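Here is the structure we will look at.
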Amino acid sequence: MTASIPTPKTGTPGRRTILHVDMDAFFASVEVLCRPELAGRPVIVSGDPSLRTVVSSCSYEARAMGVRSGMPLARALRLAPGASVVSGDHHRYVTCWKRILSVMLSLTHRIEPVSIDEAFLDATGLPMAPCALAELLQRRLLDETGLWASVGIGSNKLLAKMASKRAKPRGIRELRPEDIVDFPVDSIWGVGPETARLLGGFGVKTVADLAAFPAQRLRIMLGMAGESLYFLCRGVDPSPVIPFYEQEPPQSIGHEHTFARDVLLPGEYLPALALLAQKVARRSRDEGFAGSLVTLKYRFSDMSTHTRAVRLGAPTDQDQVIFRAVGRLAGQCVKRPVRLLGVCLGSLAPSAGLQLPLFNRSTHELNRACDMIRRRYGEKAVTSCRTISAVRR
Ligand SMILES: [Mg+2]
């Protein structure tokens with residue numbers, strides 16, 4: 001008797017090994033690392049301390065009390081009244097993320113970061129069993145950064161991502177196409193609440209239900225999305241891992257601020273704009289970009305949201321240049337009370353190859369020095385005097 005060799009289905013590429021690494025409660029865990037007294041407590045990270053802002057990350061202790069990312073902070077504090085609220089420090093997360101990436105780079109260069117706390121690794125052909133590799137990576141990350149990651153393993157990105165979600169926290173999980181048949185249909189990429197409701201109306205609740213659904217009807221109901229769902233619900237996802245060095249630069253870098261109460265006067269909103277310009281400029285410098293399109297976003301009390309942009313003569317990554325531009329735009333646009341302001345730098349290009357003529361040497365050096373101080377003592381360390389001087393100018 002000859003052993004039967006399983007042959008891949010026609011049209012599927014050779015078997016791949018994809019890892020999805022997702023840091024556990026990343027922002028909250030980084031904050032706990034910096035403040036060990038917060039360990040074991042419910043911790044909520046938010047954009048700013050205003051009660052009208054939302055939760056950007058929370059510890060598992062806060063999650064156990066019902067707190068979720070994206071939830072209004074006021075509601076989160078009703079669920080977890082004793083939680084410590086920490087205002088996030090994006091720079092600190094970027095610094096940690098760079099260390100995480102360098103640990104991953106010790107295993108392979110084929111890394112596709114998806115956001116600041118998750119990445120796909122293409123481990124196809126590496127001389128280690130996928131599970132052993134995932135364990136090694138998880139342990140190295142913990143040793144070198146003090147942070148826990150969950151790792152999902154699959155023969156494609158879809159399965160790896162579904163696996164990491166089910167591995168959380170601190171776990172490792174592998175999923176094969178046959179493992180996902182009983183999963184709810186909205187656990188598949190591209191099935192949002194709307195599509196899930198639509199499919200639910202036809203009795204489609206699980207991945208298996210979707211696989212049994214006539215392809216023709218799926219295509220009519222959902223168009224192109226229906227076609228990709230046909231494959232995804234069979235655990236087939238040919239999308240490649242695109243290494244970071246082959247990716248397009250970000251479209252824009254932005255931050256926004258929700259005021260505790262609506263504001264109208266320049267004296268009320270300029271300090272916030274100065275802080276936003278500072279955050280945007282600093283992130284641009286961190287990520288090595290300069291931009292020439294500065295956009296002000298403003299939301300009135302009635303929740304209507306608008307933007308106004310100005311193109312600079314040359315790209316910049318400097319706080320003062322961005323602040324002057326948005327300050328002028330706000331002077332033109334803020335004619336009624338606003339509840340939110342945002343600052344965005346677009347038309348980005350790598351700053352290394354650019355001549356940046358618009359600032360003098362001393363300003364540039366001042367900003368570099370401030371970056372160093374904030375890196376050491378936190379985001380607000382040199383904020384207050386800058387925002388005050390911004391208002392006086
Ligand atoms: Mg995460």
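What follows draws every value from the coordinates through simple rules; no lab data is involved. On a predicted model such as this, the values are computed, not experimentally measured, just so you know. Counting neighbours? That spans all protein chains shown, and the Cβs are built from the backbone with ideal geometry, glycine included.
Structural descriptor for the chain: relative contact order 14 percent, calculated from alpha carbon pairs under 8 angstrom and at least 6 residues apart. Measuring nothing but how far apart in sequence close Cα pairs (under 8 Å, 6+ apart) lie, relative to its length, segment 182-232 scores a relative contact order of 34 percent.
GNM on the chain, C-alpha springs below 10 Å: top fluctuator among 118, 174, 246? Maximum among the listed residues: 246. For segment 26-90, the Kirkwood radius over C-alpha pairs fed into Stokes-Einstein at 37 °C and 0.692 mPa s yields D = 295 µm² per second. The relative contact order of segment 26-90 comes to 35 percent, based on Cα pairs under 8 Å that sit 6 or more residues apart. Dipole size of the chain about its Cα centre, with +1 on Lys/Arg Cβ and -1 on Asp/Glu Cβ: approximately 1080 debye, rounded to the nearest 20. About its Cα centre, the dipole of segment 187-274 is roughly 520 debye, where the only charges are +1 on Lys and Arg Cβ and -1 on Asp and Glu Cβ.
Summarising the amide proton neighbourhood of residue 58: residues at separation of 5 or more, or on other chains, whose placed amide H is nearer than 5 Å comprise 28, 45. In order along segment 115-131, phi translates into HN-Hα couplings of 7, 6, 9, 8, 8, 9, 10, 8, 9, 4, x, 6, x, 8, 5, x, 5 Hz, rounded to whole numbers, per the Karplus curve 6.51 cos²θ - 1.76 cosθ + 1.60 with θ = phi - 60° and x for Gly and Pro.
Dipole size of segment 104-183 about its Cα centre, with +1 on Lys/Arg Cβ and -1 on Asp/Glu Cβ: approximately 100 debye, rounded to the nearest 20. One way to sum up the overall shape of segment 182-232 is the equivalent ellipsoid from its Cα gyration tensor, whose semi-axes run 14, 11, 11 Å, largest first.
Which order do the peptides 276-283, 232-239, 218-225 come out in when sorted by mean C-beta neighbours inside 10 angstrom, highest first?
Ranking the peptides 276-283, 232-239, 218-225 by packing returns 276-283, 232-239, 218-225.
Listed from fewest to most Cβ neighbours within 10 Å, the set 58, 333 follows the order 333, 58.
Three principal axis extents describe the C-alpha atoms of segment 209-258; from largest down they are 44, 33, 17 Å.
Taking θ as phi - 60° and the Karplus parameters 6.51, -1.76 and 1.60, the scalar couplings of segment 180-191 work out to 9, 4, 8, 5, x, 4, 7, 7, 8, 3, x, 9 Hz in sequence order, x denoting glycine and proline.
Considering only DSSP beta bridges with both partners in the chain, what is the antiparallel share in %, to the nearest 5?
Roughly 85 percent of the beta bridges in the chain run antiparallel, per DSSP.
How large is log10 I(q)/I(0) at q = 0.06 Å⁻¹ when the Debye formula is applied to the Cα atoms of the chain, each weighted equally and without solvent? Calculated log10 I(q)/I(0) at the listed q: -0.30. Other residues within the sphere of radius under 13 Å centred on the Cβ of residue 239, judged by their own Cβ, net out at 0 (K and R +1, D and E -1).
Peptide packing: for 190-197, 209-216, the average count of neighbouring Cβ atoms within 10 Å per residue gives the ranking 209-216, 190-197, highest mean first.
Highest GNM mean-square fluctuation among 150, 301, 46, for the chain modelled with Cα contacts below 10 Å: 301. Looking at segment 52-130, none of the chymotrypsin sites (Phe, Trp or Tyr not before Pro) sits in a DSSP loop with at most 15 other Cβ atoms within 10 Å of its own Cβ.
Which of 65, 103, 329 sits closest to the plus end of the dipole of the chain, meaning its Cα is farthest towards the positive end, when Lys and Arg get +1 and Asp and Glu get -1 on the C-beta? Result: 329, furthest along the dipole toward the positive end. Listing 245, 298, 230 from fewest to most neighbouring C-beta atoms within 10 Å gives 245, 230, 298.
Cβ crowding within 10 Å, taken as a proxy for footprinting-reagent exposure, orders 289, 27 from fewest neighbours to most as 289, 27. Over segment 147-295, the fraction of Cα-Cα pairs per 5 Å bin, rounded to whole percents and listed from the shortest bin up, is 2, 8, 13, 13, 10, 11, 11, 11, 10, 8, 3, 1, 0.
Per-residue 3J(HN,Hα) values for segment 212-219, derived from phi via the Karplus relation 6.51 cos²θ - 1.76 cosθ + 1.60 with θ = phi - 60°, read 8, 6, x, 4, 4, 5, 4, 5 Hz in sequence order (x marks Gly and Pro).
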